[in-house]
Amino acid sequence: MMMANGMRPHPVTNTGERLLDVKGLTIEIDTRRGPATVVDGIDLHVDHGETLGIVGESGCGKSLTMLSLMRLLPNKIKVTKGEANFAGRDLQKMSNADLRKVRGGEVGFIFQDPMTSLNPVMRIGQQLAEPLIYHRGMTKAQARKRAGELLRLVGIPGPEERLDAYPHELSGGMRQRVMIAIGLACNPQLLIADEPTTALDVTIQAQIVDLVKELRDKLGMSVVWITHDLALIAGLVDRINVLYAGTVVEDAPVDALFANPSHPYTQGLLASIPKLTDERSARLSSIGGTPPEPGRRPKGCPFAPRCPLVEQICHDRVPSLKGIGQAGAHRVACFVAQRKLEAASWAPNR
Amino acid sequence: MSTVPVTTPVETDIEPPVSLWRDAWHRLRRNRLAVFGLIVVIILASTAAFGPYLTPHDFLSQDLGARNLAPSMSHLFGTDDLGRDVFSRVVYGTRTAFLVAVVVTFIAVLIGVTLGAMAGFFGGLLDRIVMWLTDMTMSIPNLLLVVVINASLKSPIASWMESRYLATLNPIYRETVWVDFLLVFGSMALISWPPYARLVRAQVLSIRSRPYITAAQALGLTNRIILMRYVVPNALGPLIVAVSAGLGTAMVLESAFSFLGVGVNPPTPSWGNMISDGLRVWQHYPHLLAAPAAILGLASVAFSFLGDGLNDALNPRGAK
């Protein structure tokens, strides 16, 4: 059934090799005052068939990290250290020709703003056909047929007629569906969604999340979903990485993160989500202060200046991610949280 | 099973596609001056294409018994000092003007768009070199360059053609009219491309940073495809306006050069050399000056109106 569609779920190979493995990636911006670090030695990984949520506030390096994987960073922003392995190949060292095969062919991208991410002077059928012709060597007729199927797959009514529409004739939600269809055109192993719902209204947001969830289950790909909205992706992702100032501060399975948020920043983020049970007159909880500017990072833990639990050690040294849960699946980069857990495990009655 | 609708979306309205061009066409039609310009341009273009086959007289045949006649039914614009029909010559001059304008603009746009798009898209050293070339070319006085090219290249080419003819007896080498055109095309194209290069570069610089370009890169498309299918089509609006204005300018420029004797040479009729001939006797035979001058003015105004109209039509933000 899937075969007829030209789409087959990827076999979940368990060779111990991760689909995406980012190690110590550092990104710097050239400013007039010299280079400023925006992403500081980030470690990330995505397993085959896994959905990873990346959460963090604006400017914490979420999008830059993902763009850097595909070497799509603007001119003045550069990766200075670290490696990013995709299916065992280092994306940073790959030749341009090989990289182009990965882009769109093995890794699909969905961008933030569907209003400006489609070429305004090209019919959407053509834009869908482009990667199919380029990566899959299809003829124009084959690509057009497949483009129609893709539009149907993402739930666009009258897909065959829509192929000849221009982007401005579609609503925001429709355009994001088209973007998703383009991202999935070549049946990629990994779909990177960079805040795909930010520009959409709330009901459409939920539709898009559901759509990606269904497509993921159907096609068996891995997904990285970047967002600043923890609640939105709770039902979609397997694991969440919380980013703060260009580093991962907490990495946990989604249930563990909501049940037992361990980093003070994560706790603050969760506390700032309004709940139905809140008093109507109560003020929304927020985290005091602002994230450090690039180039003015504190010497120790980047969150230390805003942290309610801060101690002297936090100002002196940078904490690294350490496992606190069973089998180390839940990791946190916070001295205080790590010590609390150590203390708990030393308790005599355990 | 392969066509399971995933989620039922809300929107179901389907309008007939309204493309940018159709939209622009609607706006253009409402602009009277632009429509006037368009009609005149179409008439002149058809005259250039088919006119010479329909004229009652040959533009070269002399009738020395009927020199300097005033306009009449058999000679609409009268005859010149060699008894040639001025109407036929103006019609043929239209062909000359269009031929030069179209070929020169085509070459200039080709060079300008290629250089400008590459400079804007790739930036860096390439950009600097192209902009340096552009500035340098723009600093050369038009007329001076054309005079220099004419003076330095015309006679060597002519004598080379002559020697080829004597060696091969191939009549192709006898057709010196083409040397004229080639020199005019070449020298004018050489000075006409910089404005196109600058315009396209500026457009590309702004388009390059738009999200759909990053999206196209993320699809693994090559720079060549992105440049040709994503960048250039989006830069086309202002370019069309510039081309329309450029065609008019090229016509005037051709006439100016021919007027000064460095463009198309007699006996090939050009509005410019007809004006030049008419100027000498205008007190006695004003029609010899009036006919080509009026047509040149009409063509220039028509292209300028059309260009303005296109500018408004293709810039939705500027209109209304």
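Looking across A:L118, A:L72, one residue alone is within 14 Å of chain B (Cβ to nearest Cβ) and without any contact (Cβ under 8 Å) to a residue 60 or more places away in the chain. It is A:L72. The single residue among A:R33, A:R18 that is surrounded by 15 or more Cβ atoms within 10 Å (Cβ to Cβ) and at pLDDT below 90 turns out to be A:R18.
State all residues of segment A:100-115 that are among the acidic types (D, E) and either at positive phi or more than 7 Å from chain B (Cβ to nearest Cβ) (or both); if no residue qualifies, say none. Result: A:E106, single match. From the list A:L215, A:L151, A:L211, the lone residue that is more than 20 Å from the chain's Cα centre (by Cα) and open to solvent by less than 10 Å² (accessible area, probe 1.4 Å) is A:L151.
Under the condition of being under 25 Å from B:F106 (Cβ atoms) and open to solvent by less than 80 Å² (accessible area, probe 1.4 Å), the residues counted in segment B:162-202 number 23. Mind checking whether some residue in segment A:110-124 is crowded, with 22+ Cβ neighbours inside 10 Å and among the charged types (D, E, K, R)? Checked segment A:110-124: no residue is crowded, with 22+ Cβ neighbours inside 10 Å and among the charged types (D, E, K, R).
Pairs are defined by a Cβ separation below 6 Å, a sequence spacing of at least 6 or placement on different chains, a first member in segment B:186-199 that is within 10 Å of B:A117 (Cα to Cα) and of a type in the set (G, A, S), and a second member that is at pLDDT 90 or above and surrounded by fewer than 22 Cβ atoms within 10 Å (Cβ to Cβ); the pairs so defined are B:A197/B:T134.
Of all the residues in segment B:203-230, those that are of a type in the set (A, V, I, L, M), surrounded by 18 or more Cβ atoms within 10 Å (Cβ to Cβ) and assigned to a helix (DSSP H, G or I) number 8. Listed conditions (1) at pLDDT 75 or above; (2) within 14 Å of chain A (Cβ to nearest Cβ) are all met by B:V4, apart from (1). For segment A:136-158, taking the residues that are of a type in the set (V, I, T) and without any contact (Cβ under 8 Å) to a residue 40 or more places away in the chain, the one that is nearest to A:E106 (Cα to Cα) is identified as A:T139. Going residue by residue through segment A:286-298, is there one that turns out to be surrounded by 18 or more Cβ atoms within 10 Å (Cβ to Cβ) and more than 26 Å from the chain's Cα centre (by Cα)? No, segment A:286-298 has no match at all.
Residue under question is A:L67, and the condition is that it be open to solvent by less than 10 Å² (accessible area, probe 1.4 Å) and at the interface with chain B (Cβ under 9 Å from one of its Cβ atoms); does it hold? No: the conditions fail for A:L67.
Exactly one residue among B:S276, B:S244 is without any contact (Cβ under 8 Å) to a residue 60 or more places away in the chain and either in a helix (DSSP H, G or I) or under 16 Å from the mean Cα position of the chain (by Cα) (or both), and that residue is B:S276.
Within segment A:159-178, residues that are within 16 Å of A:M122 (Cα to Cα) and more than 7 Å from chain B (Cβ to nearest Cβ) reach no partner that is of a type in the set (F, W, Y) and open to solvent by less than 20 Å² (accessible area, probe 1.4 Å) with beta carbons closer than 6 Å at six or more positions or on different chains. A:L132 meets all of the listed conditions (1) surrounded by 24 or more Cβ atoms within 10 Å (Cβ to Cβ); (2) closer than 25 Å to A:T198 by Cα but one, namely (2).
The values are calculated or read from the model by the stated rules, or taken from the named source; none is laboratory data. Since this is a predicted model, take the numbers as computed values, not measurements. Here Cβ is always computed from backbone atoms with ideal geometry, including for glycine, and neighbour counts include all displayed protein chains. For the accessible areas, the whole protein counts, side chains as well, though only heavy atoms, and no ligand, DNA or RNA atoms are used. Shrake-Rupley method; radii C 1.70, N 1.55, O 1.52, S 1.80 Å.
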